[in-house]
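Asker: Can you keep this structure in mind? I'll have questions shortly.
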Amino acid sequence: MKYSKEELNLENGLKKEWLVTNGIGGFASSTIIGTNTRKYHGLLVVPIIPPARRRLILSKIDESIIIDKRKYELFTNVGKNYISQGYKYQISFEKSMLPVFQYKVEDVEITKIICMEHFKNTVGVYYKIKNGKKSSKLILTPVMNFRNAHGINKNHIFKVEQKVKGQKLELKIDDGNPIYIKINDGKYIEHHNDTFFNMFYIEEEKRGFEAEENHTVPGRYEIELEPGEEKVSFICSTEENIEEIDARALIVKEKARLNKIIIESKLINTEKLDKTKEEKERDELIKEFLIATDNFIIKRPLFNTYSAIAGYPWFLDWMRDTLISYEGLFLKTKRFDNAKKVLQHCIRDIKYGLIPNTYSEDDYRPLYNSVDASLLFFEQVKKYLEYTENYEFIMQEIYPKMENIIENYSKGIDLDNNNIYMDYDGLISSGTEMTQNTWMDAKYAGIAVTPRNGKAVEINAMWYNALKIMQELAIKNNENDKAKKYEKMAKKCKKSYQEKFYNKRRKCLYDVLGDSKIRPNQLFALSLTYPVLEPTSEEAQNMVETVTKRLLNNYGLKSLAKGEENYVEIYEGDGCRRDFSYHQGITWTWLLGPYYNALKRLAKESKNKADRTKFEEQLKEFTANVIKTFKIELNERGCVGSIAEIYDSKRPYEPKGAIAQAWSVAEVFRIISEN
């Protein structure tokens, strides 16, 4: 997507963001005019112990150019009482694989490209300058910090130590890890006690957080430009061998890596040359989504496993999110080696049958606040087998852990107050009024906003699905007695589910037994490999029709139907207001995935032809709308080249929450790649 000068006005420029990542949890992100509007924005945000302990290191580079003794500032910074005007010299912004900024001052044209090195805490900024007939001087001023990515340095006085050796600068800020900067040309001028006071973050003020911060300015680079063309490579890194790194080489390498991902996905026919306009547009959309999926896939070097960042800029990897995103991120893209390592990651620290939902950012301690991660695991093992047929790996390494999960869920798990057990009716009960262990996990000041303790609709759909998958694998492993045991458990679960979960009055399923609020979680009854509801039943059709009428919109499904108690449709305000609306009516894009699966199943398996035709038409309209909506969304709103975590549930359906969310991208991509 390319934005012209006319589109780079201040209002647009401050709303639209970009993101690039490094495959271990680090990232670079800002707005399309280079203004930092979040405390998370920066050109180098690095995980000290990947992917955790993120630190903001390089906030931005303020560029200016001197022509005929006149200084032009190309940067745009925001304070509470001022906005600098550098955006007026910007003539375009483009983001395909990498963000590209173009500026024009008099007869000087400057192109800036930002790139991170994969698996390294390094950013390269490459400047290509078409200088005019006069000599000029480019000034690059790094604006720096060394603080927790979630924190802020208000009224802070920095301690800065510098060592200069040739073109290499070594910095220590506030006794933090060494930071290295290198430039291929120019003179470095050291600054002393130079502080950038009160950078103002518009988005943080909206979110109820402290919004002003100080940065340090350790010095500046001055590059004399002769008439003609010049190229400048700026590198900032935590890697000591910075002399060996060149920004242009980083760009070439990263583009080659991304092109390899696109080609190996086999989702684009590279052999066909004579393509229609529609085919070219679809190819471009698939390419954009493949690049978007790559942003979330990370390696955990300490574990030698793979996972997925749940969302940028503030989440780490969550197993629930990774597993929901699994098919879209790893299988549709044919990243099967990575997919295998994700499954190995899931079982690495399994405890009493629970897969960790995430790991502590401070000490890497596994956290087990999830009833659904272990059950989602079964569906993704089944998907992995459908794509790879790698039964040897699954039966040797994974199947014993799956048995362990079933055993522990059956006899009961009280680790971290999860209170998980199989009741007399074969259904799973979990949680307490103060325990948030489903995906609707908002908690504020110790209060569970959406307590879903008891027998939750999606948990028991997942439980039935897990039992059926175990029955299938036991048969594959010639364990007939075990297969019969799992079959018996599944039948009991299914009978109880069908007897207890259907709400005749509301023509849908109870969200939790005893709770008749209309929520989207009921879609799991039809969306998994083994549906616990009969797709041919009136109950299944009624459920999908109710969800369609009460919850579906263009951007996802509402987390609660309008008219229900405590319904909220705008996500805004401080932490309290946001947490109390998070799962109380706000739209979640990822839920389009289970809705699509449920609709697809009805279109395929409904009893009579009229019903099948009706659902086929509904499915066709739905998929066309997803493609249309997110083709626009990927390019014209929010984070360029990605999809937000959530949306408001009323016009204009503003993107909110994390600017780039794994399960949003993965589930939309899965739908688009199949249509």
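Asker: Inspect the stretch 540-556 for any residue being part of a strand (DSSP E or B), at negative phi and open to solvent by 10 Å² or more (accessible area, probe 1.4 Å) and give the result as yes or no.
Answerer: Yes, because at least one residue in the stretch 540-556 is part of a strand (DSSP E or B), at negative phi and open to solvent by 10 Å² or more (accessible area, probe 1.4 Å).
Asker: What number goes with the only condition from (1) aromatic (Phe, Trp, Tyr); (2) touching a residue at least 40 places away in the same chain (Cβ under 8 Å); (3) assigned to a strand (DSSP E or B) that residue 158 does not pass?
Answerer: (3)
Asker: Quick one: in the stretch 148-166, of everything that is more than 15 Å from residue 218 (Cα to Cα) and in contact with a strand residue (DSSP E or B) (Cβ under 6 Å, 6 or more places away or on another chain), which residue is surrounded by the fewest Cβ atoms within 10 Å (Cβ to Cβ)?
Answerer: 154
Asker: Ok, one more. Within the group 273, 267, 225, which residue is touching a residue at least 60 places away in the same chain (Cβ under 8 Å) and more than 22 Å from the chain's Cα centre (by Cα)?
Answerer: Only one candidate qualifies: 225.
Asker: Right, something else. Mind telling me which of the residues 144, 116 ends up being under 24 Å from the mean Cα position of the chain (by Cα) and open to solvent by less than 20 Å² (accessible area, probe 1.4 Å)?
Answerer: Details: 144 fails: under 24 Å from the mean Cα position of the chain (by Cα).
Exactly one of 144, 116 is under 24 Å from the mean Cα position of the chain (by Cα) and open to solvent by less than 20 Å² (accessible area, probe 1.4 Å), namely 116.
Asker: With (1) surrounded by fewer than 15 Cβ atoms within 10 Å (Cβ to Cβ); (2) under 28 Å from the mean Cα position of the chain (by Cα); (3) farther than 19 Å from residue 36 by Cα as the list, and residue 210 as the residue in question, which single condition is left unmet?
Answerer: Condition (3) is where residue 210 drops out.
Asker: OK, next. Criterion first (at pLDDT 95 or above, within 22 Å of the chain's Cα centre (by Cα), over 30 Å from residue 96 (Cα atoms) and crowded, with 17+ Cβ neighbours inside 10 Å) does residue 559 satisfy it?
Answerer: yes
Asker: Could you tell me whether residue 433 is part of a helix (DSSP H, G or I) and either in contact (Cβ under 8 Å) with a residue 40 or more places away in the chain or not hydroxyl-bearing (Ser, Thr, Tyr) (or both)?
Answerer: So residue 433 does not fit the description; no.
Asker: Does residue 455 count as within 33 Å of the chain's Cα centre (by Cα) and open to solvent by less than 70 Å² (accessible area, probe 1.4 Å)?
Answerer: In short, yes.
Asker: Restricting the search to the stretch 30-55, which residues are open to solvent by 10 Å² or more (accessible area, probe 1.4 Å), more than 27 Å from residue 6 (Cα to Cα) and not basic (Lys, Arg)?
Answerer: Within the stretch 30-55, 40, 48, 49, 50 qualify.
Asker: Consider the stretch 593-602. How many of its residues are open to solvent by 10 Å² or more (accessible area, probe 1.4 Å) and out of contact with any Ser or Thr (no Cβ under 7 Å at 6 or more places or on another chain)?
Answerer: Result for the stretch 593-602: 2.
Conditions tested, residue by residue: (1) more than 28 Å from residue 12 (Cβ to Cβ); (2) open to solvent by less than 50 Å² (accessible area, probe 1.4 Å); (3) at pLDDT below 95.
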residue	(1), (2), (3)
578	no, yes, no
591	yes, yes, no
610	yes, no, yes
628	no, no, no
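Asker: Applying the selection to the stretch 403-420, what residues are more than 27 Å from the chain's Cα centre (by Cα) and either open to solvent by less than 50 Å² (accessible area, probe 1.4 Å) or closer than 20 Å to residue 379 by Cα (or both)?
Answerer: 403, 404, 405, 406, 407, 408, 409, 410, 412, 413, 415, 420
Asker: Spot the failing condition for residue 89; the list is (1) touching a residue at least 24 places away in the same chain (Cβ under 8 Å); (2) out of contact with any Ser or Thr (no Cβ under 6 Å at 6 or more places or on another chain); (3) aromatic (Phe, Trp, Tyr), and only one is missed.
Answerer: All conditions pass for residue 89, except number (1).
Asker: Name the pairs whose Cβ atoms lie under 6 Å apart, with the first residue in the stretch 489-517 and on the phi > 0 side of the Ramachandran plot, the second surrounded by fewer than 22 Cβ atoms within 10 Å (Cβ to Cβ), and 6 or more positions between them or separate chains?
Answerer: Pairs found: 507/542; 507/546.
Asker: Condition (residue is under 20 Å from residue 468 (Cα atoms), modelled with pLDDT of 95 or more and outside any loop (DSSP other than H, G, I, E, B)) applied to the stretch 358-373: is it met by at least one residue?
Answerer: Yes; the residues of the stretch 358-373 include at least one that is under 20 Å from residue 468 (Cα atoms), modelled with pLDDT of 95 or more and outside any loop (DSSP other than H, G, I, E, B).
Asker: Looking at 341, 299, 334, 287, which is the one that is basic (Lys, Arg), modelled with pLDDT of 95 or more and assigned to a strand (DSSP E or B)?
Answerer: Values: 341 fails: assigned to a strand (DSSP E or B); 334 fails: assigned to a strand (DSSP E or B); 287 fails: assigned to a strand (DSSP E or B).
On inspection, the qualifying residue turns out to be 299.
Asker: Kindly evaluate residue 399 against the criterion of being surrounded by fewer than 18 Cβ atoms within 10 Å (Cβ to Cβ), in contact with a Leu (Cβ under 7 Å, 6 or more places away or on another chain) and not in a loop (DSSP other than H, G, I, E, B). Give the derivation first.
Answerer: Numbers: surrounded by fewer than 18 Cβ atoms within 10 Å (Cβ to Cβ): no; in contact with a Leu (Cβ under 7 Å, 6 or more places away or on another chain): yes; not in a loop (DSSP other than H, G, I, E, B): yes.
The answer is no for residue 399.
Asker: Something else: Among 573, 585, which is the only one that is small (Gly, Ala, Ser), in a loop (DSSP other than H, G, I, E, B), touching a strand residue (DSSP E or B) at 6+ places or on another chain (Cβ under 8 Å) and open to solvent by less than 30 Å² (accessible area, probe 1.4 Å)?
Answerer: Going through 573, 585 in turn, just one is small (Gly, Ala, Ser), in a loop (DSSP other than H, G, I, E, B), touching a strand residue (DSSP E or B) at 6+ places or on another chain (Cβ under 8 Å) and open to solvent by less than 30 Å² (accessible area, probe 1.4 Å): 585.
Asker: Which members of the stretch 122-167 meet the condition of being at pLDDT 95 or above, under 20 Å from residue 241 (Cβ atoms) and basic (Lys, Arg)?
Answerer: Listed by number, the list holds a single entry, 163.
The values are calculated or read from the model by the stated rules, or taken from the named source; none is laboratory data. This one's a predicted model, so the numbers in the text were calculated from it and none came from an experiment. So basically every Cβ, Gly included, is an ideal-geometry build from the backbone, and we count neighbours across all protein chains shown. Note: areas computed on protein heavy atoms with side chains; ligands, DNA, RNA excluded. Shrake-Rupley method; radii C 1.70, N 1.55, O 1.52, S 1.80 Å.
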